[in-house]
Amino acid sequence: MFVRERWGEEVFLEEMKIKGSVWKFGQDIDTDAIIPARYLNTSDPEELARHCMEDVDPDFVRKIERGDVIVAGKNFGCGSSREHAPIAIKGAGISCVIARTFARIFYRNSFNMGLPIFESVEASDMISEGDEIEVDVDSGIIINITKKEEYRALPIPRFMQKLIDDGGLIQHIVKKIGNRSQFTVNENRQKGN
């Protein structure tokens, strides 16, 4: 769940925090484990979400709650370059993924699909399944509420936060083009065209 707050009021991207319970996975979780290849005949987020992580934990999608967080070891999202993996995770209601490291193509696909991800060796090592955590997207600070510990990840740059806030790259572009098209139409009306 995203909470945007500043001085007790909701505001647009002033401060973005993610809070949820942790589901922990190991090293080298590949895209086939995230969403098995047998389900790649669709890109529907709801359908993909039903099968998220099912080969690793068949009950995963029945156990999680919207806003929960995945924490994993190194090389999360390795394997094929399919965009289905972050779509499945996001569609299942996972608010972000924290890992020691990510496969580079998964890293980029996650932002393109609007899924926040954070690299943190410390958080990956110290956070346990079931811990309640809060992630400050602006600062990269991860607070383990359960253990009363704090870890650091690289914060998401503002322009990448904008991609996430808009729902991913495609929605971000549509929004920008839509705004530009609207501006052009209004500008032409004012000129009498």
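What the table shows:
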quantity: Fewest-first ranking of 101, 31, using other Cβ atoms within 10 Å as the exposure measure; calculated: 101, 31
quantity: Reachable lysines from residue 19, criterion Cα separation under 18 angstrom, eight or more residues apart if same chain; calculated: 63, 90, 147, 148
quantity: Net lengthening on full extension, residue 81/residue 159 (0.36 nm per residue, minus Cα-Cα); calculated: 25.8 nm
quantity: Inter-label distance, nm, simple model (7 Å from Cα along the C-beta direction), residue 24/residue 147; calculated: 0.7 nm
quantity: Gained length - residue 139 relative to residue 177, 0.36 nm times residue gap less alpha-carbon distance; calculated: 10.7 nm
quantity: Cα point-scatterer Debye curve for region 37-152, base-10 log of I(q)/I(0) at q = 0.12 Å⁻¹; calculated: -0.41
quantity: Region 102-135 versus region 51-92: alpha-carbon centroid distance in Å; calculated: 11 Å
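All of the numbers you see were taken from the coordinates with simple rules; none came from a lab. Everything numeric in this text was worked out from a predicted model, so none of it was measured. Quick reminder, even Gly has a Cβ in these numbers, built from the backbone with ideal geometry, and neighbours come from all protein chains shown.
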